[in-house]
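**Student:** Quick one: this structure, given as C-alpha cells, is what I'll be asking you about.
The values are calculated or read from the model by the stated rules, or taken from the named source; none is laboratory data. A quick note: this is a predicted structure, and the numbers were derived from the prediction, not measured. Cβ coordinates were reconstructed from backbone atoms using ideal geometry, including for glycine residues, and neighbour counts include every protein chain displayed.
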Amino acid sequence: MLSNIKFPAGTMGLAFTVALAGCGGMQQGNAAAPAPATPVPVQAPAALQAAPVASPVRVTNAVAPVLAYADQIRALQGSELAQEITRLNDSPVPDEQLRLALALVQTRQLYDLARAQELLQKVLANSSGEARALHPLARLLAARFAEQRRIEDQLDRQGQQLRDAQRRLDQTNDKLEALKEIERSLTSKPGAPASAASHGRIRPATP
C-alpha cells in the first residue's frame, strides 16, 4: 500500500531523517531512565533495639545459714555457750565472725557486746566477695547492737545511781543509829544517882 503513495521530491529523504531522529530519541529516553533504587534497610532507634540478654548469674545465699545460727544460739547457755565462743574465737572467716558476734551478745555482758561490735566492723571493712555478701546483715546487726548497747549503758548508769543512793541511805541510817545510841546513853546516866538517893533516904518512924 505504501509503495503506491507518491511523495514529492525531497520529501522521502526528510521523512526518513525524521524517522531516524524519532528512533534515536526513543533509544536515548530508554537509556536515560533511572534504574530502580535498592531499598535501604531502616535501623530502629536505639531505645527500641533489643538489649542483649545477660547470662544468668548464680548467687550464693550466705545470709540464710547465719540467720539459722542466730536462731539456734539463743538456746545455748552457761558452759555450752562458753564452748561455742571458744570454738569461734580468732576465726578470720567472715561468716564465723558474725556467728561469734551473735554468740557474744547472748552473755548479756557489756564488754562482750563491745567485742561483738568490733567483729561486725571487721566484716564490714572486709572487701572480699564472701564478706560483701554478708554486709547487709552485718549493717543490720551493727544497728541493733548499737541500740542494745545504748540501752545497756543507760541501765548501767541507772544502776550506778541506785547503788550510790543506797550507799547514802545506809550512811544516813548509820548516823541516825549513832545519834540514837548517844541519846540513850545521855538519858540513862542521870537516872542512876536519883535511884541511889531514893534507896538511901531514911524513912520516918511510924507513930
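**Student:** Within the range 92-142, track down each residue that is of a type in the set (Gly, Ala, Ser), closer than 19 Å to residue 69 by Cβ and in a helix (DSSP H, G or I).
**Tutor:** Going through the range 92-142, the residues of a type in the set (Gly, Ala, Ser) turn out to be 101, 103, 114, 116, 125, 127-129, 131, 133, 138, 142.
Subsequent filtering for residues that are closer than 19 Å to residue 69 by Cβ retains 101, 103, 116, 131, 133, 138, 142.
Matches in the range 92-142: 101, 103, 116, 131, 138, 142.
**Student:** Provide a single number: the residues in the range 69-86 that are touching a helix residue (DSSP H, G or I) at 6+ places or on another chain (Cβ under 9 Å) and not aliphatic (A, V, I, L, M).
**Tutor:** At the first step, the residues of the range 69-86 found to be touching a helix residue (DSSP H, G or I) at 6+ places or on another chain (Cβ under 9 Å) are 69-70, 73-74, 76-77, 81-82, 84-85.
Those left that are additionally not aliphatic (A, V, I, L, M): 69, 74, 77, 84.
Within the range 69-86, residues that are touching a helix residue (DSSP H, G or I) at 6+ places or on another chain (Cβ under 9 Å) and not aliphatic (A, V, I, L, M) number 4.
**Student:** Of all residues in the range 85-94, which are of a type outside the set (A, V, I, L, M) and surrounded by fewer than 19 Cβ atoms within 10 Å (Cβ to Cβ)? It would help to see each step written out before you state the result.
**Tutor:** Let us first name the residues in the range 85-94 that are of a type outside the set (A, V, I, L, M), namely 86-87, 89-92, 94.
Result: 86, 87, 89, 90, 91, 92.
**Student:** Among (1) surrounded by 13 or more Cβ atoms within 10 Å (Cβ to Cβ); (2) assigned to a helix (DSSP H, G or I); (3) not β-branched (Val, Ile, Thr), which single condition is residue 76 missing?
**Tutor:** Here residue 76 clears every test but (2).
So that you can scan it fast, the table gives a plain yes or no per residue for (1) out of contact with any Asp or Glu (no Cβ under 6 Å at 6 or more places or on another chain); (2) within 25 Å of residue 79 (Cβ to Cβ); (3) at pLDDT 90 or above:
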site: 94; (1), (2), (3): no, no, yes
site: 139; (1), (2), (3): yes, no, yes
site: 163; (1), (2), (3): yes, no, yes
site: 169; (1), (2), (3): yes, no, yes
site: 200; (1), (2), (3): yes, no, no
